[in-house]
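The values are calculated or read from the model by the stated rules, or taken from the named source; none is laboratory data. Since this is a predicted model, take the numbers as computed values, not measurements. Because the Cβ atoms are built from the backbone with ideal geometry, glycine has one as well, and the counts that use them run over all protein chains shown.
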Amino acid sequence: MNELAWPFERYHYIALPNPSPYCHSSGDVVTTLRALLGVDGPPEVDLALSKAIREWEVAHGLPSSGVITEAKWQTLVAEQPRVPEQPEPEPEPAPRARKSTSRRKKKGEST
């Protein structure tokens, strides 16, 4: 699975902690969200991250809710610069087998 793919089911969102079972406010996804928004801090939604979410929303002409939905997540991910994948290095050629300088005896041949 792509690490930047939306990791939740439909209708789930990331926001400051609240009693909704659909709200996610901590964990690896929040760490990734912080990286996407360039905000340092713990792996949980705090006031600094909530502010950064609101600023990002306003900068994109969206209502300032402080909530990241799947659609907003996809927009955030799409904005990230793509790092070209590095090609796999060519395997080194296997050493060539040396030809034997001695001649093999054929069946029935004597020395």
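Residues being of a type outside the set (Ser, Thr, Tyr), without any contact (Cβ under 8 Å) to a residue 60 or more places away in the chain, in contact with a Phe, Trp or Tyr (Cβ under 8 Å, 6 or more places away or on another chain) and closer than 17 Å to Glu79 by Cα are represented in the stretch 35-49 by at least one member. Reported count of residues in the stretch 20-43, each being among the hydrophobic types (A, V, I, L, M, F, W, C) and closer than 14 Å to Trp56 by Cβ, is 5. May I ask you to verify whether Leu76 is crowded, with 17+ Cβ neighbours inside 10 Å and out of contact with any Cys (no Cβ under 6 Å at 6 or more places or on another chain)? In short, yes. Test Leu37 against the criterion of being surrounded by fewer than 17 Cβ atoms within 10 Å (Cβ to Cβ), in contact with a helix residue (DSSP H, G or I) (Cβ under 7 Å, 6 or more places away or on another chain) and of a type in the set (A, V, I, L, M, F, W, C), and give yes or no. So Leu37 passes the test. Only one entry of Ser110, Ser100, Ser65 meets the criterion of being over 22 Å from the mean Cα position of the chain (by Cα), modelled with pLDDT of 90 or more and assigned to a loop (DSSP other than H, G, I, E, B), and that entry is Ser65. Go through the stretch 1-28 and give me each residue that's farther than 22 Å from Arg54 by Cβ, in a loop (DSSP other than H, G, I, E, B), at pLDDT 85 or above and under 15 Å from the mean Cα position of the chain (by Cα). Correct list: Ala5 only.
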